[in-house]
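Asks: I am attaching a structure below and will ask some questions about it afterwards.
The values are calculated or read from the model by the stated rules, or taken from the named source; none is laboratory data. Remember, it's a predicted structure, so these values are computed and weren't measured experimentally. Cβ sites come from the backbone with ideal geometry, for glycine too, and all protein chains shown count toward neighbours.
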Amino acid sequence: MFRRIRGPMRRQEREPDPLVKVAGVSTHQEAERCLETLRSRGIEAELRQDALGAYDLWAPASVEALARFLLGLSGRSVIRVPRPKGEEKGP
């Protein structure tokens, strides 16, 4: 019975871990310092500049809490970006 269930689950390809915004800073120096902090712990983060000239740090969703912790941010001090949810199946 379990072989029938596990077979299709094994064949499904796993989606890559989506990136989420973990911090926003105003200067390039601060952004580089934060990026170095995350990379020193093995977190592959990205640095992006927004339209207003500020910098955003993006990290994989699976390590979002650790990234925020390392940067000294709590969930309440930063605006959380809603994540897209998977398609829901009807009844």
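Asks: Could you list, ordered by first residue, the pairs with Cβ atoms under 8 Å in which the first is in the stretch 39-62 and at negative phi and touching a residue at least 24 places away in the same chain (Cβ under 8 Å) and the second is in a loop (DSSP other than H, G, I, E, B) and of a type in the set (Lys, Arg), at least 6 apart or interchain?
Replies: Every condition considered, the pairs that remain are 61/83.
Asks: Okay, next question. Taking residue 71 as meeting all but one of (1) under 14 Å from residue 21 (Cβ atoms); (2) out of contact with any strand residue (DSSP E or B) (no Cβ under 7 Å at 6 or more places or on another chain); (3) modelled with pLDDT under 90; (4) not basic (Lys, Arg), write down the number of the exception.
Replies: (2)
Asks: Then there is this: When the residues of the stretch 5-39 are narrowed to those that are loosely packed, with under 10 Cβ neighbours inside 10 Å and either part of a loop (DSSP other than H, G, I, E, B) or in contact with a helix residue (DSSP H, G or I) (Cβ under 9 Å, 6 or more places away or on another chain) (or both), which ends up modelled with the highest pLDDT?
Replies: That would be 16.
Asks: So which residues in the stretch 48-63 are modelled with pLDDT of 90 or more and either among the charged types (D, E, K, R) or surrounded by 16 or more Cβ atoms within 10 Å (Cβ to Cβ) (or both)?
Replies: Result: 48, 55, 56, 57, 58, 59, 60, 63.
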